Amino acid sequence: MAAPSYNYLAVFDGVTGKSLWLGRSKRLASADQRIMLLAKYRGCTAPGCTVNGYNSQVHHATKDWKHGGTTDIDHLTLACKCDNLLVENDGWTTHQLPDGNTHWTPPPDVPLTGGTNAYHHPERLLGDEDDP
């Protein structure tokens with residue numbers, strides 16, 4: 001039997017893709033946005049977290065909704081409930097890197113370095129070189 005796999009078909013164009021950018025019209029992500037986030041991140045993006053995408057929440061990564069953030073696909077990420085609460089209650093911050101990954105930064109009084117999560121993307125740990 002094959003190992004668990006991530007089976008998604010994420011297809012959109014300029015017309016259907018517009019629903020992925022909701023701006024300030026809605027706080028909660030649409031079903032289309034959730035599908036795209038599941039396909040992209042596969043799970044919680046907090047460093048070291050192993051919670052899968054189906055058990056994660058959509059998180060406004062660039063700027064929180066209550067601070068004027070938008071519900072646009074390129075400003076959203078996945079975070080499990082516990083890690084979402086780290087941002088809400090404990091001073092952690094998140095932002096999107098140019099490569100599309102989500103960087104988590106702890107508050108100054110927490111002795112952790114933060115970073116990104118490669119758990120759900122083991123292929124990122126492999127080199128770009130071809131196998132001999």
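Quick notes on this structure:
- Counted residues, the range 70-105 - those being of a type in the set (Gly, Ala, Ser), within 23 Å of Leu22 (Cα to Cα) and out of contact with any His (no Cβ under 9 Å at 6 or more places or on another chain): 1
- Residue list for the range 16-72, restricted to those being of a type in the set (Ser, Thr, Tyr) and either touching a residue at least 24 places away in the same chain (Cβ under 8 Å) or in a loop (DSSP other than H, G, I, E, B) (or both): Ser25, Ser30, Tyr41, Thr45, Thr50, Ser56, Thr62, Thr70, Thr71
- Candidates are the residues of the range 34-47 that are farther than 17 Å from Lys63 by Cα and touching a Phe, Trp or Tyr at 6+ places or on another chain (Cβ under 9 Å); the one that is surrounded by the fewest Cβ atoms within 10 Å (Cβ to Cβ) is Ala39.
- Cβ-Cβ contacts under 7 Å between residues 6 or more apart (or on different chains), taken from a first residue in the range 91-102 that is farther than 18 Å from Asp72 by Cβ to a second residue that is of a type in the set (A, V, I, L, M, F, W, C) and assigned to a strand (DSSP E or B), are listed as Trp92/Trp104.
- Output for the range 73-122, where each listed residue is buried (at least 19 other Cβ atoms within 10 Å of the Cβ) and in a strand (DSSP E or B): Leu76, Thr77, Leu78, Ala79, Cys80, Thr94, Thr102, Trp104
- Listed by first and then second residue, the pairs with beta-carbon distance under 9 Å, at least 6 apart or on different chains, first residue in the range 110-121 and on the phi > 0 side of the Ramachandran plot, second assigned to a loop (DSSP other than H, G, I, E, B) and surrounded by fewer than 13 Cβ atoms within 10 Å (Cβ to Cβ), are Gly115/Gly48.
Each value in this text was obtained by applying a stated rule to the coordinates, not by laboratory testing. These numbers come from a predicted model, not from an experiment. In this analysis, Cβ positions are derived from the backbone assuming ideal geometry, glycine residues included, and neighbour counts consider all displayed protein chains.
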